[in-house]
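Asks: Next up is a structure, given as structure tokens.
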Amino acid sequence: MDEVATRLREAGLRATGPRLAVVGALRALGGHRTADEVYAHLVRNDVAHSRMSVYNSLVALAGAGLVLRADVGRGAVLYEEARTWHHHFVCRRCGQVSDVSCAVDARPCLTPREDVGVIDEAQVLFHGTCHRCAEVRDER
């Protein structure tokens, strides 16, 4: 967690207990997780932070680039520890969320045709049928 504390300080944030606990929970859980899943993990592991601290920490961590936020449409926003910038694919049949590499491997990854201002991030959300669901359909 020393590298997390260093990255937080480099982003101008304090390395608070809740922030470090939230990153630890995301690491332990893996994948794409809701704030409620992170909170439930902390409760199960006797880490005493309020639900609001978890939400606030996720917002701060996303702003600092330590956590990626994926608004995959319906339902709660998902979070994951940021390792590399990427986009997401959501299966319309099973709801599975998968990572999709960014074409240029850096933010913002896309540039609009119009000059709208300084862009620091672009999120692409792909929808379709995942391989597993497509195979099940083909077997019928």
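Asks: Being of a type in the set (A, V, I, L, M) and in contact (Cβ under 8 Å) with a residue 60 or more places away in the chain, is that true of even one residue in the range 40-54? Don't jump to the end; show me each part of the working.
Replies: The initial filter retains those residues of the range 40-54 that are of a type in the set (A, V, I, L, M), namely 40, 42-43, 47-48, 52, 54.
The next check asks that each one be in contact (Cβ under 8 Å) with a residue 60 or more places away in the chain; those that pass are none.
For the range 40-54, residues of a type in the set (A, V, I, L, M) and in contact (Cβ under 8 Å) with a residue 60 or more places away in the chain: absent.
Asks: Being out of contact with any Cys (no Cβ under 7 Å at 6 or more places or on another chain), part of a strand (DSSP E or B), of a type outside the set (A, V, I, L, M) and at pLDDT below 90 narrows it down to one residue among Arg69, Arg74; which is it?
Replies: Details: Arg74 fails: part of a strand (DSSP E or B).
One residue alone meets the criteria, Arg69.
Asks: Okay, moving on. Looking only at the range 78-98, count every residue that is loosely packed, with under 15 Cβ neighbours inside 10 Å and within 16 Å of Tyr55 (Cα to Cα) and tell me the total.
Replies: Summing the residues that are loosely packed, with under 15 Cβ neighbours inside 10 Å and within 16 Å of Tyr55 (Cα to Cα) in the range 78-98 gives 0.
Asks: Can you spot a residue in the range 103-116 that is among the charged types (D, E, K, R), within 12 Å of the chain's Cα centre (by Cα) and surrounded by 12 or more Cβ atoms within 10 Å (Cβ to Cβ)?
Replies: The first filter runs over the range 103-116 and keeps only residues among the charged types (D, E, K, R), leaving 105, 107, 113-115.
From what's left, within 12 Å of the chain's Cα centre (by Cα): none.
The answer is no, given that none of the residues of the range 103-116 is among the charged types (D, E, K, R), within 12 Å of the chain's Cα centre (by Cα) and surrounded by 12 or more Cβ atoms within 10 Å (Cβ to Cβ).
Asks: Under 6 Å by Cβ, and 6 or more places apart or on different chains, what pairs join a residue from the range 1-19 that is on the phi < 0 side of the Ramachandran plot and in the same structural domain as Ala64 (by TED's automatic domain parsing) with one that is part of a loop (DSSP other than H, G, I, E, B) and among the aliphatic types (A, V, I, L, M)?
Replies: Partner pairs satisfying both residue conditions: Ala5/Ala15; Arg7/Leu66; Leu8/Ala15.
The values are calculated or read from the model by the stated rules, or taken from the named source; none is laboratory data. The structure displayed is predicted, hence computed values, not measured ones. In this analysis, Cβ positions are derived from the backbone assuming ideal geometry, glycine residues included, and neighbour counts consider all displayed protein chains.
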